[in-house]
Amino acid sequence: MNIKLDLPNLLEQELSLEATRLNVSLSDYILKILTLRRDWLEEVEDAEDLADASIALLEDGFIPLMDVKRELGIS
């Protein structure tokens, strides 16, 4: 399946930056985000699960979007 996404320029830049940092294509990175989100929504039952999911994401090398924005000087 092919899907065309018209992303705002700033969001595309942020996602591209993170994909480059992880050495994956932008499309692969977006697919991973969508897959992780789906999996988390199925597994998250409470705040502790959400905290565990956040830790797992960081261990996988992802940087929270707010940290990326801070690094780019975006508020």
*Consider Leu7 against the criteria (1) in a loop (DSSP other than H, G, I, E, B); (2) at pLDDT 85 or above; (3) surrounded by 11 or more Cβ atoms within 10 Å (Cβ to Cβ); (4) of a type outside the set (D, E, K, R): it satisfies all of them except one. Which criterion is unmet?*
(2)
*Lone qualifier among Leu36, Leu26 - being touching a Ser or Thr at 6+ places or on another chain (Cβ under 6 Å), surrounded by 11 or more Cβ atoms within 10 Å (Cβ to Cβ) and at pLDDT 65 or above*: Leu26
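The values are calculated or read from the model by the stated rules, or taken from the named source; none is laboratory data. Not measured: the values here are computed from a predicted model. Using ideal geometry, Cβ is built from the backbone for each residue, glycine included, and neighbour counts are taken over all protein chains shown.
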